[in-house]
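Bear in mind these aren't lab numbers, they're just calculated from the coordinates by the rules spelled out. Quick caveat, the model's predicted, so the values are computed rather than measured. Cβ placement follows ideal geometry from the backbone for every residue including glycine, while neighbour counts extend to all protein chains displayed.
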């Protein structure tokens, strides 16, 4: 077990390095000069060259990469071209904001999916099963950015019960989960974000529980006289590792892919940060944000894999 | 039946059931039989056919020119005069634009998936068949791309390349190659180790024929099913890219782009503005359900 | 985990949420707060010369800082003129036409107590032009470059008098000084000229003081009760600036009561805002939304084709589509501008347009226009460009719209027709607030891109002569006559495809009273009273 763990962790290192190469290189696909955004529209070429030199963009790319990597390893992801603030600080602040709604979405999705998925698995083949399957397919088919807009119109503009935008009435610094006045800002983003995880977790729950229920040992349990509730409890316990794994992966996926929802709700998370960085060609922020998000995803995958293997050694990746 | 997560969750690498679906005589008959009574799948397959036909015959079906603007008839509601589904912010007929928009959405959904299936599938089969060092090299490189959540990768690639349809297609293809490669590789590896392949090798059959006759047949099914489940994801992602302004350029009709440009008018004609989202939803839903139905019918475990 | 417990989970969750709804801490705010939603994508830089375009100056620059010369923003009925700011008097030295003398206002203190004197003013000027000055920052240098390019150096004459030297005679120098902010040298020195540190406690002389900031979300300023102009001490306690680049988000926020003042509502949200009781105000201001044309490559190198394009446009239809938040544009300046004069007006005449195209043997006439999807001052670029394309094609043009994002368009704008000869024109909105920046940089040879804003390399010997003369004419009235003449010649030569001028729409909550909109890119928020 420990050998496996060590192997998996060690294996993640070249992946991480590969990720850094891609993060760094992505940015150079862009047209235009990196410093263009800092200058007024009719600045001269001479000014552009001057600034490029000052920021080190005139050096050959491999050299820029190694310099960047060397600093990144120590935690220094550079400073934003736009705001001159350290990238790591901005990204970590944004990340914590994204985690709030991602976690909320996954918890909400899990709560509903668990109840309905288990029910559907128990009554497999019957109408309730079909309804649940239908809901889960709808969940993964709805364009959630569209749903977000619709929810804003209904709950914010027409009914006026929930805020349309932002994170807290005084900004994200004051945001707290214990006050309704602040928490209500997170409701619509969480609901919108939870659509896809709802569909996926519901489907996984149903599948996992149904599969366990179809096993022979369940017949044995019934023959032994165990109540249906107990049988169900056993089945769920067996299926739980799988379900939790899916939940973990969904969480990782949400953290990395929240850009559309955060744009609509002006939620100051990593997705929002990323879209702004793309717009303003703020290269250090772009590289830093993508890097942090990708590495988080790698870490989440790793943790999920290890946990699963710990619980059920049959599940192993080569 | 193990129904493992596919679709949007491209990070899943869960393989619980080892036995691949083996081709036997009458297999397709069995599949057809299963499908015959699966009304849901049949219904939505018909919807897909309708959507595809409508997109292909757009010039014949569309009542108006989707690019013709008219300031007088701007943002009219559903059913106004001849505009069955109203008009958009430039006075263009919504119905016509939705029909033509289907072309873009289907294109941006199908092309990346097909391309990625071919490229990724080939890569995976090569990796799985050759094994050893080559396998390691290919799969580890693929794993690096797997480290990115798909939305992030798609937005990052097309965003830094400056948007546009071509860049969007490239970005989406790159996003889908890793999972398809992995599916193909896993399936190939499993088949490769089976007895009958050893037997074929032992009997001196050329590698080429082994690959074609034995391996491909058993790999195609899981790859095909997985690819079909990716189509709905591709459509959603492509529309999302257009929504962010990173996909097709105006005035090309495209559902994601229409959602984005109509957002401004949501206070004037909310129902009209919701239509492109409904179109995306129905298309994505149809592909999802049909893909699920096919998987059940073909009894493929992925 | 039993199914019973599992099925109770969601109810527990809902119950918890319900409990939270009951526990609402009462938020008592004794101070009056004005919350403004800007179209900017991020909080403008508040450490000196702002970014995010003129919006940065409008909300952040003029709130925290003053310049030697300010703008008089208290009236709506005329274009806002310049007015004494931190300098009470200024003029050209009659013996040396490259030397300007500024007499400073006495007794002005910065927010941190630092006193305004000649040394400080000289430092503020030098830090944007001389890289040996402590406090020189390449980003600030680059940002204000277009207006500092002709400033040679500044000198202290006595504690309240400063001399500024230009490299060539330039009668428009006061305009360059009218947005050049004075920041506190004491504050900068204290943090060793590290602007990241200075940003935590910036100090200016403006009507608002810096209070707090949440990165990328909000900037909060409080009123400066000791402001040197008692008429402009803010009538509210706190100003909150929130970047909200999406128009629908801004509208939703105003309707939901999250903000009080909204910049640039999109035309489609205006009826809804009005029906909800919001005040939507519009006023002309020195802005234009035109196309700069390519004078080297065909077909716009032929003046007949340029005139044809102008005749082909039905500007009233454009104004209609925009719901009245714009006015028809027939020249570089708006009709109420000081330097408007009497330019030729290309009134809608598609037949004449077609005739001109045929005369120029360009029928159908193929053109490619570079446009953006968004951007500062770009209004609603996509629908507007679609309309222009439709109107041009009705007269015999064949229009290809090359759509790119704002950054890419700026790149095309900076590098000019030389690097991008495939474009016949580029759609970039312009501010025409000062004559140098608003007029001369589009029509003079010295400003041929990439050295300046003359994107398409237009040149007119007449204008070259008039410009030289104007630069050396230090009598404001006489100089303005020359500049007006230049404006008229530019219209005669159809130097741009003139389309429209934005009417600077804003939406205000009915709670707000006292706002006077100025005919300017800048506005004075200090007079707003926030009611209930």
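Each Cα pair of chain C feeds into the Kirkwood radius, which the Stokes-Einstein equation turns, at 37 °C and 0.692 mPa s, into a diffusion coefficient of 131 µm²/s.
Apply 1/(1 + (r/R0)^6) to the Cβ-Cβ distance of residue A:21 and residue A:306, taking R0 = 41 Å, and write down the FRET efficiency to the nearest 0.05. The pair residue A:21/residue A:306 has a calculated efficiency of 0.95. Normalised by residue count, the range C:200-358 yields a Cα convex hull volume of 203 Å³ per residue. Averaged over the residues of peptide B:237-245, the number of Cβ atoms from other protein chains lying within 10 Å of each residue's Cβ is 4.
Averaged over peptide C:130-139, the number of partner chain Cβ atoms lying within 10 Å of each residue's Cβ comes to 2.
Shown here is the pair-distance distribution of the range A:158-271: with all Cα-Cα distances grouped in 10 Å bins from zero up to the longest one, the shares run 12, 30, 23, 17, 13, 5, 0 percent. Take every pair of alpha-carbon atoms less than 8 Å apart whose residues are at least six positions apart; their mean separation over the length of the range A:129-253 yields a relative contact order of 27 percent. The mean sequence separation of alpha-carbon pairs under 8 Å and at least six residues apart, normalised by the residue count of chain A, gives a relative contact order of 26 percent. Taken over the range C:29-156, the convex hull of the Cα atoms encloses 176 Å³ per residue.
Each part reduced to its alpha carbon centroid, the range C:392-448 and the range C:262-331 end up 15 Å apart.
Measure nothing fancy, just the Cα-based angle from helix A:228-256's long axis to the longest principal axis of chain A, in degrees from 0 to 90, nearest 10. So the inclination is approximately 10 degrees. In angstrom, the C-alpha Rg and Dmax of the range C:85-136 are 13.0, 39. The Cα-based radius of gyration and maximum Cα-Cα distance (Dmax) for the protein assembly as shown are 32.2, 113 Å.
Compute the Cα gyration tensor for the range B:26-298, then decide on rounded, prolate or oblate, letting a ≥ b ≥ c be the square roots of its eigenvalues: rounded whenever a/c is under 1.5, prolate when a/b is larger than b/c in the other cases, and oblate in all that remain. It comes out prolate by the Cα gyration axes.
The gain in end-to-end length when the residue C:481 to residue C:95 segment is fully stretched comes to 136.6 nm, 0.36 nm per residue minus the alpha carbon separation.
Separation of the range C:225-253 from the range B:171-186 is 51 Å, based on Cα centroids.
The fewest-to-most ranking of C:83, C:500, B:188 by surrounding Cβ atoms within 10 Å reads C:83, C:500, B:188. Considering only beta bridges that DSSP places wholly inside the protein assembly as shown, some 75 percent are antiparallel. Axis angle, to the nearest 10 degrees, between helix A:180-213 and the longest C-alpha principal axis of chain A: 50 degrees. Working note: 222 nm ellipticity from helices only, DSSP H runs with n ≥ 4, each -39,500 (n - 2.57), summed and divided by the residues of chain C, gives -8500 deg cm²/dmol to the nearest 500.
Using the Kirkwood radius over Cα pairs, work out the Stokes-Einstein diffusion coefficient for the range C:63-106 at 20 °C and 1.002 mPa s, in µm²/s as a whole number.
The calculation lands on 179 µm²/s.
Here is the P(r) of the range A:56-163: all C-alpha pair distances, binned every 5 Å from 0, give 2, 9, 9, 12, 12, 10, 10, 10, 9, 8, 6, 3, 1, 0 in whole percents. With kT/(6 pi eta Rh) evaluated at 25 °C and eta = 0.890 mPa s, and Rh the Kirkwood radius from Cα pairs, the range C:382-532 diffuses with a coefficient of 133 µm²/s according to Stokes-Einstein. Name the shape class, rounded, prolate or oblate, that the alpha-carbon gyration tensor gives for chain A, where a ≥ b ≥ c are the square roots of its eigenvalues, rounded holds for a/c under 1.5, and otherwise prolate holds if a/b is larger than b/c and oblate otherwise. It is oblate, given that a/c is not under 1.5 and a/b is not larger than b/c.
Any idea what angle helix A:45-55 forms with the longest principal axis of chain A, computed on alpha-carbon atoms, 0 to 90 degrees, nearest 10? Result, in degrees: 60.
Between residue A:45 and residue C:464, the FRET efficiency estimated from the beta carbon spacing at R0 = 25 angstrom works out to 0.60. Note on residue B:133/residue A:88: beta-carbon distance plugged into 1/(1 + (r/R0)^6) with R0 of 41 Å gives a FRET efficiency of 0.65. Taken along the Cα-to-beta-carbon direction at a fixed 7 Å, the label points for residue C:316 and residue A:174 span 5.1 nm. When the Cα atoms of the range A:93-235 are aligned to their principal axes, the ranges along those axes come out at 61, 27, 25 Å in descending order. When peptides A:70-81, C:428-439 are ranked by their average number of other Cβ atoms within 10 Å per residue, the highest-first order is C:428-439, A:70-81.
Take C:223, C:468 and order them by how many other Cβ atoms sit within 10 Å, fewest up front. Could the numbers behind the result be given before it?
Numbers: C:223 21, C:468 15.
Exposure proxy ranking, most exposed first: C:468, C:223.
Cα convex hull, the range C:333-385: 152 Å³ per residue, rounded to a whole number.
Computed on chain C, with alpha-carbon pairs under 8 angstrom and 6+ residues apart, the relative contact order is 20 percent.
Peptide B:106-114 shows a mean partner chain C-beta count of 0 within 10 Å per residue C-beta. Each label point was placed 7 Å from the Cα along the Cα-to-Cβ direction; for residue C:152 and residue A:222 their separation is 10.0 nm.
Sorted by packing (mean other beta-carbon atoms within 10 Å per residue), highest first, where do C:56-66, A:10-20 land?
C:56-66, A:10-20
Cα centroid separation, the range A:137-156 to the range A:60-120: 24 Å.
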